[in-house]
Amino acid sequence: MPGRPPSLRAIAAFEAAARHQSFTRAAQELNLTHGAISHAIRGLEERLGDRLFERRARGVVLTETGRILAGTVRLSVEMLSEAFEPRPWLQRSHLRISLLAPFAARILVPRLAAFRAAHPDITLELRMTDTLADIGAGKTDIGVRYGPGRWAGLNAFRVADEELFPVVSPHWSRPLPQSPAEMRDEELIRHPDFPWKLWFAAAGVHRPEPNAPLTIDDSALLLEAAADGHGIALARSRLVEADLRSGRLVRLFETAMAAPYAYWMVWDPVSEKLEAIGRFRDWLAGLMGNAGQSGEDRDPG
């Protein structure tokens with residue numbers, strides 16, 4: 001087991017001395033005597049078995065051991081200070097939401113004005129993160145993900161399903177294919193999670209998975225590549241909505257295939273903010289055209 005840490009007084013003495021490079025100024029800041037600072041530093045040096053400062057005529061200079069310790073102590077002090085600051089996300093009407101950047105940029109943010117108008121008492125803090133590990137740990141209240149829908153220890157609500165269909169730049173350098181069968185000879189951009197052969201099967205065309213010249217594992221970047229004329233992409237319908245409306249991309253054919261995953265909202269079932277979480281969930285479900293729950297969904301309360 002870890003040993004008992006040094007006293008907070010000794011840690012404060014070292015932090016102040018390291019910051020000021022002076023025992024005298026550290027003593028003045030902490031309202032202690034110069035001798036008390038020296039005694040605290042000496043105790044830390046005996047504990048570590050190494051010197052923390054080089055004594056000089058005009059003050060002190062950190063040794064290599066001192067510099068390493070100072071960095072760790074400074075970070076710890078900042079964390080302690082932050083713990084005692086009034087934090088708005090502890091308020092029950094403040095929601096911290098973990099999002100993936102494509103969903104945030106292309107779906108949520110353009111529609112936030114509607115949420116703010118409907119729920120002016122709720123404030124939002126959006127964070128672009130890939131992990132759900134901090135949900136309910138006093139760090140994040142809600143996560144919105146595109147995935148299979150099973151996250152241990154968290155409540156989950158199925159926000160919306162997805163479908164996939166081909167899109168291409170209207171300025172594509174070749175004549176646009178007029179039928180799915182003509183797609184067999186086109187330059188296709190591949191996403192490793194969405195095989196083209198499944199879309200071809202849905203379109204009634206037999207074709208093995210193509211050896212695409214370009215593979216991109218990010219759905220938003222995939223659309224950018226298609227818009228720049230690098231090939232035909234298999235797009236997620238909800239991410240590509242704005243590009244289709246603007247004419248930046250055009251859809252090829254009505255044939256679509258169901259995507260293997262869905263959009264999910266997850267949260268801590270014992271959160272103190274369940275009322276605000278439920279309101280955001282209902283708004284998000286309406287935004288995505290989902291009037292109810294199914295599958296792995298569970299109620300906020």
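Rule-based calculations on the coordinates, nothing more; no lab input. Being a predicted model, the structure only gives us computed values, none of them experimental. Cβ sites come from the backbone with ideal geometry, for glycine too, and all protein chains shown count toward neighbours.
Taking amide H positions as modeled 1.01 Å from N, with prolines and chain starts lacking one, no residue 5 or more places away or on another chain lies under 5 Å from Tyr261. Percent of Cα pairs in segment 88-301 per distance bin of 5 Å, from zero to the largest separation: 1, 7, 14, 17, 17, 13, 10, 9, 6, 3, 1, 0. Amide H to amide H distances under 5 Å link Phe53 with Thr63, where only residues 5 or more positions off or on other chains count and H is placed in the peptide plane.
Roughly what % of Cα-Cα distances in segment 8-83 sit above 19 Å, to the whole percent? Write down the numbers at each step before the final one.
Details: 798 of 2850 pairs.
So the pairs more than 19 Å apart make up 28 percent of the total in segment 8-83.
In this simple spin-label model, placing a label point 7 Å from the Cα along the Cα-to-Cβ direction at both Glu254 and Leu126 gives a separation of 3.4 nm.
Derived scalar couplings between HN and Hα for segment 146-151 equal 10, x, x, x, 10, 10 Hz in order, rounded to whole Hz, by the Karplus curve 6.51 cos²θ - 1.76 cosθ + 1.60 (θ = phi - 60°), x for Gly and Pro. Stretched out straight at 0.36 nm per residue, the stretch from Ser93 to His20 would grow longer than its current Cα-Cα span by 22.2 nm.
Could you tell me what percent of the DSSP beta bridges with both partners in the chain are antiparallel, to the nearest 5?
Values: 25 of 39 bridges.
Antiparallel: roughly 65 percent of the beta bridges in the chain.
Under a 5 Å amide H cut-off, with hydrogens placed 1.01 Å from N, Leu249 pairs with Leu244 among residues at least 5 apart or on other chains.
Of Phe200, Phe14, the sequence from fewest to most neighbouring Cβ atoms within 10 angstrom is Phe200, Phe14. Residue separation of Arg4 and Ala152 scaled by 0.36 nm, minus their Cα-Cα distance, works out to 49.8 nm of gained length.
Could you work out how much longer the chain between Val61 and Ser179 gets when fully extended? Use 0.36 nm per residue separation minus the Cα distance between them, nm to one decimal.
Between Val61 and Ser179, full extension yields an extra 34.9 nm.
Per the Debye formula on identical point scatterers at the alpha carbon atoms of segment 1-128, with no solvent, log10 I(q)/I(0) at q = 0.16, 0.18 Å⁻¹ is -0.79, -0.92.
Can you order the peptides 158-165, 208-215 by their average number of other Cβ atoms within 10 Å per residue, highest first?
On the way: 158-165: 19.4, 208-215: 12.4.
Ranked from most to least packed, the peptides come out as 158-165, 208-215.
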